[in-house]
Amino acid sequence: MRRWLTSYALLAPALVLFGLFVLYPLVQAVRISMTDSTGIGEARFTGLDNYARMVGDPVFWRAAGNTVLLALVSVPTSVAAGFGLALLLRDRLPARGLFRALFLAPYVLSGVVVAMAGRWIFDQEVGVVDRTLTQLGLPAPDWQSSGAAAAVSVFVVLFWARTGLVVVLYLSALQGVDRDVLEAAELDGASRRQRVRYVTWPLLRPTTFFVVVLMVVEVFQTFDVVRVMTGGGPAGATEILVTYAYAQGFQARAEGYGSAIGVVVFSVVLLATVAAWWAQRGSEEVA
Amino acid sequence: MTAPRSTPSTPRRPRASATRRTVLGAGAGAAATAGLTACSGFSTDASGGTPADPDELTMITWASEAEVPAFEKLADDFAAAGGPRVRLQVVPYSQVLTAVDTALRTDSPPDLFRVSYTDVAAYREQGVLADLPGASDLEPAFLPAFWSAVTDERGTFGVPHHTDTSMVLVDDEAVAAAGLTLPGSLERAWTWEEFADVLRRVQPTRADTYPVAVNWQNAGAFRWLNWVDQAGGRLLTQDLDGVVEDDPGTLKALSFTRDLFRQGLTPPNASTRGQAASDLFLNRTVALCFAGDFLLAEIESGGFGYSATFLPRDVNASADLGGNALVAVEAGDKRDAALDFLAFCAQAEQMGDFCAAATVLPTRSDVDAASLDWKVRPDLMELYVQQAEAIRAPLVEQVVVPSFSAINVQLRDRLEEAFLGSADDRAALRDITEGVRSVVRA
Amino acid sequence: MSTPVRERHDRLAVQPGRVRRPVRWPRLVVVGALALVWVFPLYWMVVTALSARADLATGRVGLVPTSVDLGGFRRALVDLPVLQWVVNSAAIAVVAVVLTVVVDVLAGYVLAKHRFPGRTVVFFCIVATLMVPVQTLLVPQFDLVNDLGWINSYWAVIVPRSAEAFGVFLARQYFLSLPDELLEAAQLDGAGQLRALWSVVLPLARPLVAVLVVMTFMWRWNEFAWPLVALRAPELYTLPVGLSFLQSQYTTDYPALMAGALVSALPVLVLFALAQRQFVAGLARSGLR
């Protein structure tokens, strides 16, 4: 049918751009990952050596664990907090638009700006958080030198930067929730909490799926905040896969190895997404 | 490239409208220039915003506020002496390796760039750099340690432009309060024991300050090897092919430096992946810090009194090889002109002027460092000149091997674990040697 | 706890959207407190930008500043050619926005409303590109752009990044949420296709366009790593690249950094404020399906 020719013709600009500027470089990245490239001069083909090295590299596994942990912690908290904030913000609230804008404001800042602000605020010597805690007589954690505290500081900053979008998305979705259904539930004697849990939340499933996809993608692209706030330290406590790939590729001059790590990240996220999509297929309409 | 500064108008001008017109005019002019340059950014003739001078040489470098004018003076003097214009491309320090590496992959690589002694070998090994003609004539004028950093059996690739090293900066107040006298010469530098004693005497009463921070953060991780060399140890074997196992000197150095953390003499975030030692000195978290002479201008901005003294010594007095070389790119089409510029920069007078302006040390033996007109703290620079005499060949040869970028990253990461962890010294040392061994290339 | 009967009565008795509801003070207080905490880092950035460097170093700055030092703003804005960088960033962002919006709206529409073989695979491949770490592609993209001869021109920054998978994803979700009947007029064969797109689809996609404009502007304006390697001439630097010079190798000039950061954030915040309603509407529709 001519129909689908037209479709592909209209898709052509996007296809060309993606194919040329993303897929082709990705193929090149895979090729580089199979060499001993240092970023300058000639590189020798080494097959799967870099991948073998990865398997035996404790730093890699630690970074992988940190990345997964970050995802497992930050995605649900952003979703839950965003949903909660949206519930608080919906109807019957003056200046709602202003609040919405305030919560979203950190999202539009660049990652580097957020990271620098975070680094400054959490500085364990002169940062405002520790100074305030000390004045209040509370213990002031070592945000840069203690592994757990460093991880928490990174998590808090990321949460601050990203949850705003979730709030906006849920807020908009909540406005579209059918009132009649809620009313019926109310009349049936459902408490507010029950209404939210058994009526509102399920109705927002598509939004939740959308939000989760967004948040997972954001987690795996986290780079600036970790690099600037903790540099992956102390002792690798906050090293995530992307920062490790960068350190190997651009600082240690192990371009092939850094590339291999990136390829692994991509593959794992891809497989996970395919798996999730497959699982979702049963419950959602196939678009 | 410095911004054009609009002339400030006199504040109490009777005709305010004229002032406003001037300012508006200047603003419109600036905006127009900006706009025109922006429009040219859409063209793909790779010339950037300014019309390309075909004979122009481009040089990629990082440069502190003090160094930019010093480099520009070199370029101006070279042009005045009849050479082509040298255009500086200043990039942020943290990005310079990436900027250089990517630029080298293009058809119009930079003609020149600045590179540290620890990174230059990687480029040299790949044949990226141009061989300096007449190198053997130049060689005698230079101090051998620096010449060896840019030379191998195939030739000399670039000129050792300047060097710097570290000393111990001390807060004057802390010194007075602890009743210390600073050693006046290299021979009388504190021993490790004396140094530890000094730290304990300086140990402040406030809970949030510490005696010392050492400058081994991030790219400076290799400065930990100073301690190794001071204790008579070695990281790499004599033939530079492998790593020395269980070296007693290295073990002693590791033990001593870990004690700094274990005894709370240095803050935990002064570890190798932590905050710069000079930063901690500037915000008064530490009373002593190890710092290079190129930082003096920044430390001055702290506004408090400070002095310098020599690095502690053990079996040896050993200082780190800091500083950078200027190199020319082999594949550049203006290679000969670039090499001319290098030779120009390597002359005694040029080197002296640059070092004085940037507070770094010359690499030529015929440049009398003591007679240079240092821009900042000439009294301390005299001491740095003395300290630089302790840059020893055994250490230098270890830090200029081609795989040193990777070794530096290993040192940074393994030392961080050692300093903040609780493994015993021998196990920590083994982690370090294992890590370094995994990246040393024959 | 409000009584159900009274609420229902209220709802039935009054027109939707024109309601006088009792203000829930406890809720307002809670939200207000949360908003204050949320906004505090931004407030602190402003305070830092207006502080003297020496005061910051010794921790002498209180929560409410008693003196204002414009040194940070001066060092960030006057000593550096910020105007040039702003113009460069703006030129790039504007062109990139136009290009990306066109590409993404087209692609999103086709992927949502057309039926053709390979539809799901294509969409999946596009979304998959979101999972590749940017750093991994940096060098290969550089080589490619270099071969195209675009290095050191704005096209190097504009074109490769107009393949913005996120935008395609948003667009597709948006169009999926529009009922097919609205778009029937656009489903004609032949030459009428483009005209139909223009006159039927585009007006319906206004909120989507608002979202894409704000997001694309934000992404292009904030980008750092790629413009740094793709633009070699200092006169072409974008704002984030230029401001990175404020971070010296060893010490951090926080007042200047924060001043630069605030100035850098301003255009995006302004754009968002202007387009807020459409932006939210566009996101809402995209999130519904």
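A short reminder: the numbers here are calculations on the coordinates, not readings from a lab. A quick note: this is a predicted structure, and the numbers were derived from the prediction, not measured. Positions of Cβ are generated from backbone atoms using ideal geometry, with glycine treated the same way; all protein chains shown enter the neighbour counts.
Below is a table of values for the structure above.
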{"item": "Listed residues A:150, A:270, A:212: farthest to the positive end of the dipole of chain A (Cβ charges)", "result": "A:212"}
{"item": "Antiparallel content of DSSP bridges confined to the protein assembly as shown, in %, to 5", "result": "70"}
{"item": "Calculated from backbone phi, Karplus (6.51, -1.76, 1.60) coupling profile of region C:252-266 in Hz, x at Gly/Pro", "result": "10, 8, 4, x, 5, 4, 5, 4, x, 4, 5, 4, 5, 7, 4"}
{"item": "Where labels lie 7 Å past Cα in the beta-carbon direction, separation of residue C:40 and residue A:73 in nm", "result": "1.9"}
{"item": "Distant alpha-carbon pairs in chain A (separation over 30 angstrom), percent", "result": "47"}
{"item": "Computed Kirkwood radius, in angstrom, where 1/r is averaged over Cα pairs of the protein assembly as shown", "result": "30.8"}
{"item": "Region C:73-286: relative contact order in percent, alpha carbon pairs under 8 Å with at least 6 residues between", "result": "36"}
{"item": "Total charge dipole magnitude, chain B, about the Cα centre, Cβ charges on Lys, Arg, Asp, Glu only, Debye to nearest 20", "result": "1860"}
{"item": "Using a Förster distance of 41 Å, the FRET efficiency for residue A:267-residue C:180 (Cβ separation, nearest 0.05)", "result": "0.65"}
{"item": "Ranked A:277, B:374, criterion: other C-beta atoms within 10 Å, fewest first", "result": "A:277, B:374"}
{"item": "Chain A, relative contact order [Cα under 8 Å, separation at least 6], %", "result": "29"}
{"item": "Chain A, helix-only ellipticity at 222 nm - DSSP H runs n ≥ 4, -39,500 (n - 2.57), divided by all residues, nearest 500", "result": "-21500 deg cm²/dmol"}
{"item": "Simple label model, 7 Å out from Cα along Cβ direction - residue C:74 to residue A:96, nm", "result": "4.8"}
{"item": "Nearest-20 debye value, region B:346-411 charge dipole, Cβ charges on Lys, Arg, Asp, Glu", "result": "280"}
{"item": "Protection proxy ranking, peptides C:27-33, C:162-168, B:120-126, average beta carbon neighbours within 10 Å, highest first", "result": "C:162-168, B:120-126, C:27-33"}
{"item": "Net charge dipole size for chain A [Lys, Arg +1 and Asp, Glu -1 on Cβ; Debye, nearest 20]", "result": "580"}
{"item": "Set of lysines near residue B:334 by C-alpha distance (under 27 Å), chain-local residues within fewer than 8 positions excluded", "result": "B:73"}
{"item": "Gap separating the Cα centres of region B:332-380 and region A:63-119, nearest whole Å", "result": "52"}
{"item": "Residues residue C:30 and residue C:121, FRET efficiency given R0 of 41 Å [Cβ-Cβ distance, rounded to 0.05]", "result": "0.30"}
{"item": "Debye intensity ratio I(q)/I(0), log10, region B:149-230, q values 0.12, 0.15, 0.18, 0.24 Å⁻¹ (C-alpha model)", "result": "-0.53, -0.74, -0.96, -1.35"}
{"item": "Helix axis angle, B:378-388 relative to chain B longest principal axis, alpha carbon, degrees", "result": "60"}
{"item": "Mean-position separation - Cα centroids, region B:188-251 and region C:71-123, in angstrom", "result": "50"}
{"item": "Residues residue B:245 and residue A:132, FRET efficiency given R0 of 41 Å [Cβ-Cβ distance, rounded to 0.05]", "result": "0.25"}
{"item": "Low-density loop positions, trypsin sites (Lys or Arg not before Pro), region B:195-298 - DSSP coil, at most 11 other Cβ in 10 Å", "result": "B:206"}
{"item": "Positive-end extreme of charge dipole, region C:73-286 - chosen from C:105, C:174, C:137 (charges on Cβ)", "result": "C:174"}
{"item": "Angle between chain B longest axis and helix B:67-80 axis [Cα atoms, degrees, rounded to 10]", "result": "50"}
{"item": "For peptides A:237-249, B:134-146, A:177-189, A:214-226, sequence by mean Cβ density within 10 Å, most packed first", "result": "A:237-249, A:214-226, B:134-146, A:177-189"}
{"item": "Alpha carbon centroid spacing (whole Å) that separates region A:171-249 from region B:128-182", "result": "53"}
{"item": "³J(HN,Hα), Karplus 6.51/-1.76/1.60, whole Hz, each residue of region A:206-216, x for Gly, Pro", "result": "x, 4, 4, 4, 4, 4, 5, 4, 3, 5, 5"}
{"item": "Angle in degrees between helix B:348-358 and the longest Cα principal axis of chain B, rounded to the nearest 10", "result": "80"}
{"item": "Selection from B:120, B:264, A:199, by position along the positive dipole direction of the protein assembly as shown (Cβ)", "result": "A:199"}
{"item": "Value of D in µm² per second that Stokes-Einstein yields for chain B, Kirkwood Rh from Cα pairs, at 37 °C (0.692 mPa s)", "result": "139"}
{"item": "Residues B:330, A:255, sorted so that the one with the fewest Cβ neighbours within 10 Å comes first", "result": "B:330, A:255"}
{"item": "Approximate spin-label separation residue B:81-residue B:172, in nm, with each point projected 7 Å along Cα-to-Cβ", "result": "3.9"}
{"item": "Distance cut-off 23 Å, percentage of C-alpha pairs in region C:73-286 lying past it", "result": "54"}
